[in-house]
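Visitor: Let me begin by handing over the structure; questions about it come next.
The values are calculated or read from the model by the stated rules, or taken from the named source; none is laboratory data. Since the model is a prediction, treat every value here as computed from it, not as a measurement. Here the Cβ positions follow ideal geometry from the backbone for every residue, glycine too, while neighbour counts run over all protein chains shown.
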Amino acid sequence: MFCNQCGKPVTPEARFCGSCGTGLSHQRIPAQAPPQTPLQASLQAVPLGGRVPIPKEITASLRNPNSLTGLPKSPVVALLLQLLLPGLGMVYFGKPLSGLGNLVGVGCGWFAFGTYGGIFMYLLFAIAAYAIVYRENAAVAAIHQAMATAGWRVDGDGIVRTG
């Protein structure tokens, strides 16, 4: 069932729409799918195994935004490299300017606040490198999961319909 006012799906026993708050009458319209957008219609027209080309910048970010090989970067390796030399974990992740900023930040912390300030900045940037790599990998994994659920996968410079 769908709300007569906003078109959002509602449960059969609902008295009010959970989205817009409109009171629902007892005479309901049978459930109908909302109309498709032109993009949805064109994607559903692609046969199984069919390919839709998309720009390389988009497919590269769908693989992994910071990997030349398309393989996810390891947050543990980023953390270890960052502990080895401040900024090296960010260079590994594909962000050399952030790595340079990390190195300068640790140096400034050391200069401004002494040994403890430097150690604090050193550990702060190491934890940040781990968190950034972990978050980016999780985002790419979520995109792939959503695409797989919808019946698509990234392949080369396009997406392929799998179901």
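Visitor: If we scan the stretch 126-136, do we find a residue that is farther than 16 Å from ALA78 by Cβ and surrounded by 18 or more Cβ atoms within 10 Å (Cβ to Cβ)? Explain how you work it out, then say what you get.
Guide: Step one: filter the stretch 126-136 for residues farther than 16 Å from ALA78 by Cβ, giving none.
Looking for residues that are farther than 16 Å from ALA78 by Cβ and surrounded by 18 or more Cβ atoms within 10 Å (Cβ to Cβ), one finds none in the stretch 126-136, hence no.
Visitor: With the requirement that a residue be within 22 Å of GLU136 (Cα to Cα) and either out of contact with any helix residue (DSSP H, G or I) (no Cβ under 7 Å at 6 or more places or on another chain) or among the polar types (S, T, N, Q) (or both), what does the stretch 97-121 give you?
Guide: Correct list: LEU97, SER98, LEU100, GLY101, ASN102, LEU103.
Visitor: Just give me the residues in the stretch 124-150 being of a type outside the set (Gly, Ala, Ser) and closer than 17 Å to SER98 by Cβ, in sequence order. Break it down stepwise before answering.
Guide: Going residue by residue through the stretch 124-150, those that are of a type outside the set (Gly, Ala, Ser) are 124-125, 127, 130, 132-137, 140, 143-145, 147, 149.
Within the stretch 124-150, LEU124, PHE125, ILE127, TYR130, ILE132, VAL133, TYR134, ARG135, GLU136, ASN137 qualify.
Visitor: When the stretch 141-158 is examined, which residues are found to be β-branched (Val, Ile, Thr), surrounded by 12 or more Cβ atoms within 10 Å (Cβ to Cβ) and at pLDDT 75 or above?
Guide: Here is the first cut: in the stretch 141-158, the ones β-branched (Val, Ile, Thr) are 143, 149, 154.
Still in the running and surrounded by 12 or more Cβ atoms within 10 Å (Cβ to Cβ): 143, 154.
Of everything in the stretch 141-158, just one residue is β-branched (Val, Ile, Thr), surrounded by 12 or more Cβ atoms within 10 Å (Cβ to Cβ) and at pLDDT 75 or above, namely ILE143.
Visitor: Return the pairs, sorted by first residue and then second, in which the second residue is of a type in the set (Phe, Trp, Tyr) and assigned to a strand (DSSP E or B), the first residue lies in the stretch 143-163 and is under 16 Å from SER42 (Cα atoms), the beta carbons are less than 8 Å apart, and the residues are 6+ apart or on different chains.
Guide: So the pair list comes out as ILE159/TRP152; VAL160/TRP152; ARG161/TRP152; THR162/TRP152.
Visitor: Continuing with this model, one more query. Output the residues belonging to the stretch 54-84 that are exposed (fewer than 14 other Cβ atoms within 10 Å of the Cβ) and either modelled with pLDDT of 85 or more or part of a helix (DSSP H, G or I) (or both).
Guide: Correct list: LYS56, GLU57, ILE58, VAL76, LEU84.
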